[in-house]
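Peer 1: Got a structure for you, questions after.
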Amino acid sequence: MAQREHFPSDIATILLGAGAFVNIRSGTAYETVSLEEFLERPHLDSKSVLSSVKIPLWELEKGRNSGVDRKLLFETYRAAPRAHGNALAYVNAAFLAELSSCGSSGGAVLNKCLLAFGAYGKKHAIRAREVEKLLTGRVLTARVLYEAINLVKATVVPEEGTGSEAYRSSVAVGFLFEFLSPLCTLSSKDAEENYEEGGHVKCPRMLSSSRQVFQLHIDYRPVGEPIVTSGAALQASGEAVYADDIPSPENCLHGSFVYSTKPLARVRGIQVNPKSQSNWISGLINYKDIPKGGKNVGSMTIFGSEPLFADDFTQCAGDRLAFLVAGTQKEADVASRLAIVNYDLENLEAPILTVEDAVARSSFFQVPPFLYPKEVGDFSKGMAEADHQIFSAEVKIDSQYYFYMESQTALAVPDEDNCMVVYSSSQCPEYVHATIAQCIGVPEHNVRVITRRVGGGFGGKAIKSMPVATACALAAHVLRQPVRIYVNRKTDMIMAGGRHPMKITYSVGFKSTGKITALKLDILVDAGIYTDISPVIPSNFMAVLRKYDWGALSFDIKVCKTNTVSRSAMRGPGEVQGSYVAEAIIENIASTLSVNADCVRKINLHTHDSLMLFHPDSSGEVPEYTLSLIWEKLAQSSEYSQRREMVSEFNKCNVWKKRGLSCVPIVHELIVRPAPGRVSILRDGSIVVEVGGIELGQGLWTKVKQMTAFALGLIKCDALEVDLLEKVRIIQADTLSLIQGGFTAGSTTSESSCEAVRLCCEILVERLRPLKEKLKTEMGSVQWEMLIQQAHMQVVNLSTSSYSGPDFSSNRYLTYGAAVSEVEVNLLTGGTTILRSDILYDCGRSLNPAVDLGQIEGAYVQGIGYFMLEEYTRNSDGLVTSDGTWTYKIPTVDTIPKQFNVEILSSGNHKNRVLSSKACGEPPLLLASSVHCATRAAVRAAREQLQSWGYHDEYGPTFNLEVPAVMPTVKEQCGLDNVETYMKWKMSTHRVEQ
Ligand code: MOS
């Protein structure tokens with residue numbers, strides 16, 4: 001692989017560093033060559049085979065200068081997005097050295113060394129021969145080391161286009177420095193840090209620990225209890241049936257999307273590539289196949305609809321051009337990948353690919369006035385009160401992919417009388433339903449959409465699920481055969497759109513104390529080509545930005561229409577960006593004033609008065625404002641002050657590792673939307689429940705089950721509460737059985753579905769009560785089964801539905817939380833380790849603390865992905881290039897906090913919330929910016945150190961750490977040549993031997 005495919009192997013580098021040989025066998029002939037030579041050669045012909053690898057036994061040379069202290073060292077290095085695997089290295093290295101102490105100077109002499117570097121963007125790993133030559137036989141002094149690292153920098157040079165070229169070279173420098181500096185007599189103090197006898201062992205901490213804390217409330221049992229997620233065993237065992245697990249009906253066909261790779265072009269035609277077998281393909285469906293009476297519509301929202309297929313013009317790379325239908329999923333995928341699209345770019349204006357282009361050409365989506373957020377106070381007046389002002393600072397923030405485990409999927413089955421049953425993995429089957437009916441031109445009662453459970457949504461299975469199901473339905477309608485699709489990961493990543501990228505320019509005024517007096521923002525949102533739900537982004541963004549008292553707040557937000565894939569809601573849509581931008585502003589102020597950012601945060605937290613000013617519709621009563629309590633409590637439980645001191649002590653003692661600590665608050669507005677439900681009690685006393693909300697893995701079914709058991713339990717039969725839970729089954733959503741299901745989105749669907757069910761149970765209990773009282777008088781005790789049996793005989797209606805709709809004056813509330821994170825940055829590689837995160841989050845009265853803890857942790861980790869790891873890159877045409885797990889790195893056990901402590905704050909009762917609960921599906925994701933801010937604090941310490949070495953100009957205290965803060969980004973802000981700078985400083989301030 002390393003030789004033939006130029007795979008950036010770790011093993012090849014390690015073997016090269018160990019001076020390995022390979023044995024090649026061709027027929028009866030054997031040949032032994034060094035691995036170095038082998039890597040240089042053209043790849044083996046088909047008659048030869050690499051039969052073995054030989055690693056020489058390295059022993060200390062005996063005899064010569066016997067009695068002199070000698071050592072053999074071998075070390076390997078790797079800088080990769082994930083420390084322990086499943087990620088290619090940016091650079092790797094393996095060094096072998098034999099050294100002896102030099103009697104006269106006390107320094108070390110390198111008798112022999114092998115230095116191998118790999119994975120950095122050359123065809124194969126190399127031996128740095130020049131550097132080896134330079135070092136061999138020399139006494140290791142600062143001067144020699146300095147020469148060596150400069151030579152490494154000139155040697156380890158990636159090919160152009162590799163990406164992060166300067167970063168890779170600088171890490172190679174860091175590796176050699178790390179290897180040699182302990183041997184080098186920089187100063188007598190440094191010499192003490194020399195390797196221990198037998199070499200040092202770098203043992204990465206792999207183990208993590210966690211703590212989960214909550215308070216148990218039993219007033220509404222079994223609501224409030226941490227019961228196990230409904231269906232957990234089914235999911236764990238693989239028995240659970242997701243849309244794609246449904247067995248294919250007879251004659252079922254499989255579809256695959258043909259998407260555009262050009263941002264703006266005329267589509268002359270799509271040809272099936274002769275390389276794909278002609279008998280594979282059953283149809284190539286495009287907009288021309290939409291039946292009479294139907295419409296080219298692929299999704300619908302309250303803001304309008306978007307087309308299912310591009311017509312003769314494609315509007316973005318990733319646009320749906322056609323739906324190729326074949327006998328199997330594999331055939332469909334291969335054929336669609338090979339399909340040839342003829343584009344014609346003649347006489348077309350240039351596409352709009354950036355928000356700047358959109359502004360220049362006034363390409364915007366309208367935001368309805370009722371959704372446009374309101375300003376606070378008088379900006380000029382606030383600015384006039386300020387001691388300091390920052391003008392036109394810029395923040396850019398990019399996209400994120402959903403990375404649900406189950407990619408988009410649907411199955412459409414034609415039924416009698418022009419009807420269609422569609423199984424869809426969707427957060428909003430009601431809208432899938434309506435879109436399909438409109439597309440194929442049938443009344444809505446001809447369509448039935450069924451969704452049992454969704455394997456992760458995060459907003460990506462809302463609008464973006466509609467065209468997937470609609471394409472299947474259209475194909476099934478045209479071909480009169482069942483059609484299904486499981487969108488392959490690459491196509492899914494290209495078409496998904498994901499989170500909205502933004503560009504923010506702001507001006508802010510503040511007092512010398514850090515108190516902010518005025519903020520003005522100009523925000524450009526990149527919404528892509530279709531409206532989707534993008535008009536809600538401004539209000540979401542601004543709602544969460546209001547977590548601080550900005551004094552006066554003024555803004556202009558434009559939702560830009562660009563020729564890129566349409567962006568859609570993603571967990572905390574607009575809110576994540578708003579929260580982050582608030583923190584970026586705070587950090588900038590703190591750097592300007594040279595104070596701790598957390599202090600600036602603290603003094604700008606709302607009082608209840610300012611909260612009412614900034615959140616007039618949702619601020620609630622004084623005791624409901626729990627943020628100051630959270631701030632204090634978390635400071636204690638996370639040992640914030642002690643750890644601040646420890647961090648600054650650590651930073652004083654360590655040159656190449658710096659730590660940062662950061663506490664970030666959130667104030668998050670939630671809206672409870674109407675939701676339907678139905679509860680039916682069967683003859684044997686078992687209960688079946690339907691709700692509008694979809695189970696996405698967020699535990700909605702579990703909470704609904706608990707609520708049903710609680711609310712029906714109020715009938716107070718004997719020994720009921722416990723086994724009632726066992727009697728409840730939640731069944732799949734069926735859009736003809738229960739209508740008005742709406743969107744499972746915005747974190748509040750669990751509670752609104754619970755409320756709908758509670759209303760149903762209330763009605764049922766009312767209906768059953770007279771009978772129960774009668775039986776009680778007659779028999780003394782009443783069992784549930786007997787009551788229900790009697791009720792069936794007495795013709796009591798034991799099924800009822802409801803539609804819960806909080807009124808518009810009380811459907812909003814705020815929730816609060818904070819997170820403290822500690823991050824360690826490796827200044828040689830830019831690598832970050834999250835040492836610890838502590839979260840405290842206000843769940844009101846949690847409906848199920850086990851489920852909510854899972855939501856909080858899960859959201860937070862998804863946020864870590866966004867802020868630290870996930871690069872959703874595109875090429876110059878806007879086509880997604882990070883289209884698989886190979887390049888797109890979500891968090892793993894390697895990259896989550898080593899210590900992870902979560903506490904649920906149980907705040908008071910409230911009549912306007914469902915049994916006083918608060919949502920937690922999305923808001924905790926925002927808290928992950930504490931990891932980014934802690935990283936920034938560590939980088940700030942690194943820059944202060946860099947300045948102390950005499951590097952004043954470029955690395956000042958104010959800087960912008962991009963999102964995600966991947967290794968190259970972090971290293972760049974710490975100084976790509978920090979090693980060289982350090983060496984220069986050392987040599988100038990210490991007497992060094994030449
Ligand atoms: Mo969520 S992004 O509200 O589905």
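Peer 1: Can you find, among ASN651, VAL825, ALA172, the residue sitting farthest towards the positive end of the charge dipole of the chain, where Lys and Arg contribute +1 and Asp and Glu -1 at Cβ?
Peer 2: So the residue furthest toward the plus end is ALA172.
Peer 1: With labels modelled as points extended 7 Å from the Cα through the Cβ direction, what inter-label distance (nm, one decimal) is found for LYS123 paired with ASP69?
Peer 2: Each label point is offset 7 Å from its Cα along the Cβ direction, giving 4.5 nm.
Peer 1: Short version: ³J(HN,Hα) in whole Hz for each residue of the range 771-781, in order, from phi by Karplus 6.51 cos²θ - 1.76 cosθ + 1.60 (θ = phi - 60°), x for Gly and Pro, what are they?
Peer 2: 5, 4, 4, 4, 4, 4, 5, 6, 10, x, 9
Peer 1: Give the separation of the Cα centroids, the range 131-158 to the range 484-536, in Å.
Peer 2: Going from one Cα centre to the other spans 46 Å.
Peer 1: Would you mind computing, in nm to one decimal, how far apart the modelled labels at VAL622 and ASN86 are, each placed 7 Å from Cα along Cα→Cβ?
Peer 2: So the two model labels end up 5.0 nm from each other.
Peer 1: Quick one: if the Förster radius is 45 Å, what FRET efficiency do THR513 and SER809 give, using the C-beta to C-beta distance and rounding to 0.05?
Peer 2: Calculated value: 0.75.
Peer 1: Follow-up question, since we're still on this one. Please return the longest stretch of the chain lacking exposed loop sites, where trypsin sites (Lys or Arg not before Pro) count only if DSSP places them in a loop and at most 12 other Cβ atoms lie within 10 Å.
Peer 2: Here the longest run is 481-682.
Peer 1: How far apart, in nanometres, would the label points at SER637 and ARG25 be if each is projected 7 angstrom from Cα along the Cα-to-Cβ direction?
Peer 2: 6.3
Peer 1: Tally Lys and Arg at +1 and Asp and Glu at -1 over the other residues with C-beta under 15 Å from the C-beta of GLY161: what net charge comes out?
Peer 2: Within the 15 Å Cβ shell, the charges total 0.
Peer 1: Please label the shape of the range 1-84 as rounded, prolate or oblate, based on the square roots a ≥ b ≥ c of the eigenvalues of the alpha-carbon gyration tensor (a/c under 1.5 means rounded; beyond that, a/b larger than b/c means prolate, else oblate).
Peer 2: Oblate, since a/c reaches 1.5 and b/c is not below a/b.
Peer 1: If I take R0 = 45 Å and measure r between the Cβ atoms of MET793 and LYS490 in this structure, what FRET efficiency does the formula 1/(1 + (r/R0)^6) give, to the nearest 0.05?
Peer 2: 0.15
Peer 1: Of the GluC sites (Glu not before Pro) in the range 296-353, which ones lie in a loop per DSSP and count no more than 16 other C-beta atoms within 10 Å?
Peer 2: GLU346, GLU349
Peer 1: Could you let me know the centre-to-centre spacing of the range 740-808 and the range 552-584, using Cα atoms, in angstrom?
Peer 2: 42
Peer 1: As an exercise, use a Förster radius of 45 Å and the Cβ-Cβ distance of LEU348 and GLU239 to find the FRET efficiency, rounded to the nearest 0.05.
Peer 2: 0.30
Peer 1: If each residue of separation counts as 0.36 nm, what is the full-extension length gain between VAL157 and PHE370 once their alpha-carbon separation is subtracted?
Peer 2: Extra length available between VAL157 and PHE370 comes to 71.1 nm.
Peer 1: Something else: Of LYS705/LYS774; LYS515/LYS547; LYS511/LYS657, which sit over 25 Å apart, Cα to Cα?
Peer 2: The pairs that break the limit, which is 25 Å between Cα atoms, are LYS705/LYS774; LYS511/LYS657.
Peer 1: Another question about this same structure. Using a 7 Å offset from Cα along Cα-Cβ at SER648, what residues in the range 950-976 end up with backbone N under 16 Å from the label point?
Peer 2: Once the point is set 7 Å along Cα→Cβ of SER648, nothing inside the range 950-976 turns out to lie under 16 Å by backbone N.
Peer 1: Count the net charge of all other residues whose Cβ sits under 11 Å from the Cβ of ALA597, scoring Lys and Arg as +1 and Asp and Glu as -1.
Peer 2: That sum, taken over residues with Cβ under 11 Å, equals +1.
Peer 1: Tilt of helix 640-653 relative to the longest C-alpha principal axis of the chain, in degrees (0 to 90, nearest 10)?
Peer 2: Rounded to the nearest ten degrees, it is 20.
Peer 1: Which far-off residues, 5 or more places away or on another chain, put their amide H under 5 Å from the one on LEU835, with H placed in the peptide plane?
Peer 2: Here GLU822, VAL823, GLU824, LYS898 satisfy the definition.
Peer 1: Out of the total accessible area of the chain (probe 1.4 Å, heavy atoms of protein only), what percent is carbon and sulfur?
Peer 2: Result for the chain: 52 percent of the exposed heavy-atom area is carbon or sulfur.
Peer 1: Leaving out ligands and nucleic acids, note down the accessible area per residue over the chain with a 1.4 angstrom probe, in whole Å².
Peer 2: Per residue, the chain has an accessible area of 40 Å².
Peer 1: Using Cα atoms only, what is the angle between the long axis of helix 165-180 and the major principal axis of the chain, expressed in degrees (0 to 90) to the nearest 10?
Peer 2: 60
Peer 1: So, one more: Dipole magnitude of the chain about its Cα centre, charges +1 at Lys/Arg Cβ and -1 at Asp/Glu Cβ only, in debye to the nearest 20?
Peer 2: Roughly 780 debye, rounded to the nearest 20.
Peer 1: To continue, here is another question. Stretched out fully, how many nm does the piece from SER594 to SER248 gain, at 0.36 nm a residue minus the Cα gap?
Peer 2: Result: 118.1 nm gained on full extension.
Peer 1: Amide H to amide H, which residues 5 or more places from VAL213 or on other chains are under 5 Å from it, using H placed in the peptide plane?
Peer 2: VAL902, GLU903, ILE904
Peer 1: Which ³J(HN,Hα) values, rounded to whole Hz and listed in residue order, are derived for the range 737-745 from phi using the Karplus coefficients 6.51, -1.76 and 1.60 in 6.51 cos²θ - 1.76 cosθ + 1.60 with θ = phi - 60°, glycine and proline given as x?
Peer 2: Karplus-based 3J(HN,Hα) across the range 737-745 equals 7, 10, 8, 6, x, x, 9, 8, 6 Hz.
Peer 1: How tilted is helix 142-155 with respect to the longest principal axis of the chain? Cα atoms for both, answer in degrees (0 to 90, nearest 10).
Peer 2: So the helix axis and the longest Cα principal axis differ by about 60 degrees.
Peer 1: Let me ask something additional. Checking the a/c ratio against 1.5 first, then a/b against b/c, what shape does the Cα gyration tensor give for the range 867-971?
Peer 2: Since a/c reaches 1.5 but b/c is at least a/b, the shape of the range 867-971 is classed as oblate.
Peer 1: Compute the separation of the alpha-carbon centres of the range 887-938 and the range 308-341 and state it in Å as a whole number.
Peer 2: Cα centroid to Cα centroid, the span is 39 Å.
Peer 1: In whole Hz, with x marking every Gly and Pro, tabulate ³J(HN,Hα) for the range 264-277 from phi via Karplus 6.51 cos²θ - 1.76 cosθ + 1.60, θ = phi - 60°.
Peer 2: Couplings: 8, 7, 7, 9, 7, x, 10, 10, 6, 5, x, 5, 8, 4 Hz.
Peer 1: 5 Å is the cut-off here: which amide hydrogens, built 1.01 Å from N in the peptide plane, fall below it relative to PHE555, excluding neighbours closer than 5 in sequence?
Peer 2: LEU521
Peer 1: A further question follows. State which entries of LYS71/LYS984; LYS464/LYS918; LYS330/LYS558 exceed 32 angstrom in Cα-Cα distance in the structure shown.
Peer 2: Beyond 32 Å between Cα atoms: LYS330/LYS558.
Peer 1: Let me ask something else. Using DSSP loop states and a limit of at most 11 other Cβ atoms within 10 Å to flag chymotrypsin sites (Phe, Trp or Tyr not before Pro), what is the longest stretch of the chain containing no flagged site?
Peer 2: The answer is 1-807.
The values are calculated or read from the model by the stated rules, or taken from the named source; none is laboratory data. Please read these numbers as outputs of a predicted model, since none were measured by experiment. For neighbour counting, all protein chains shown are included, and Cβ atoms are generated from backbone atoms with ideal geometry for every residue, glycine included. Just the protein is used for accessible areas: all its heavy atoms, side chains included, with ligands, DNA and RNA removed. Shrake-Rupley method; radii C 1.70, N 1.55, O 1.52, S 1.80 Å.
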